[in-house]
1. Just to verify a result, which residue in region 1-13, among those that are out of contact with any helix residue (DSSP H, G or I) (no Cβ under 7 Å at 6 or more places or on another chain) and part of a loop (DSSP other than H, G, I, E, B), is surrounded by the most Cβ atoms within 10 Å (Cβ to Cβ)?
2. Check whether at least one residue in region 17-30 is closer than 21 Å to LYS91 by Cα, at pLDDT 90 or above and aromatic (Phe, Trp, Tyr), and report yes or no.
3. Does ILE50 count as more than 18 Å from PHE74 (Cα to Cα) and β-branched (Val, Ile, Thr)?
4. So which residues in region 42-68 are closer than 20 Å to GLN20 by Cβ and surrounded by 14 or more Cβ atoms within 10 Å (Cβ to Cβ)?
5. What do you reckon, is LYS5 without any contact (Cβ under 8 Å) to a residue 12 or more places away in the chain and under 14 Å from the mean Cα position of the chain (by Cα)?
6. Can you find a residue that is part of a helix (DSSP H, G or I), surrounded by 16 or more Cβ atoms within 10 Å (Cβ to Cβ) and among the β-branched types (Val, Ile, Thr) anywhere in region 14-35?
7. Of the numbered conditions (1) under 14 Å from ILE83 (Cβ atoms); (2) modelled with pLDDT of 95 or more, TYR48 satisfies every one except a single condition; which is it?
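The values are calculated or read from the model by the stated rules, or taken from the named source; none is laboratory data. It should be emphasised that the depicted structure is a prediction, and the values quoted were computed from it without experimental measurement. Every residue, glycine among them, receives a Cβ derived from its backbone with ideal geometry; neighbour counts consider all protein chains shown.
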Amino acid sequence: MGIWKFSDKIPMKDLIETAQNWAKEDENYLQLYIRKVSKDQYGIGFTYDIKGQDSKEAYDKYFYQASDSLKRTFGNDLAGWDIASSAYIIK
């Protein structure tokens, strides 16, 4: 689970398109949403299913691929992230 944070320069439509593309291209996303992360910034929040893989290896693979793609698409307007390598969902 986590959130990718973007500069306030990124239009909401670009974030929505990115999340919609992820939803179509990768069935491991269980949840994708856009939310405000600071006064003027938004982020793409997600829950991602690693399907029983080793959590450290799966986390590293996901993080590398997603961050690389976002950096190529948004450059320095990818403002940061908050991602947990494991989460225990209660409900």
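1. Looking at residues that are out of contact with any helix residue (DSSP H, G or I) (no Cβ under 7 Å at 6 or more places or on another chain) and part of a loop (DSSP other than H, G, I, E, B), I get MET1.
2. Yes, the conditions are met somewhere in region 17-30.
3. Yes: the conditions hold for ILE50.
4. So in region 42-68, the residues closer than 20 Å to GLN20 by Cβ come out as 42-49, 62, 65-68.
Answer for region 42-68, where residues must be closer than 20 Å to GLN20 by Cβ and surrounded by 14 or more Cβ atoms within 10 Å (Cβ to Cβ): TYR42, GLY43, ILE44, GLY45, PHE46, THR47, TYR48, TYR62, ALA66, SER67.
5. Here the answer is no, as LYS5 does not meet what is asked.
6. Looking through region 14-35, at least one residue is part of a helix (DSSP H, G or I), surrounded by 16 or more Cβ atoms within 10 Å (Cβ to Cβ) and among the β-branched types (Val, Ile, Thr).
7. Result: TYR48 fails condition (2) only.
Per-residue answers, yes or no, for (1) closer than 17 Å to MET1 by Cβ; (2) in contact (Cβ under 8 Å) with a residue 60 or more places away in the chain:
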position: LYS13; (1), (2): no, no
position: TRP22; (1), (2): yes, no
position: SER38; (1), (2): no, no
position: ILE50; (1), (2): yes, no
position: ALA66; (1), (2): yes, yes
position: ASP77; (1), (2): no, yes
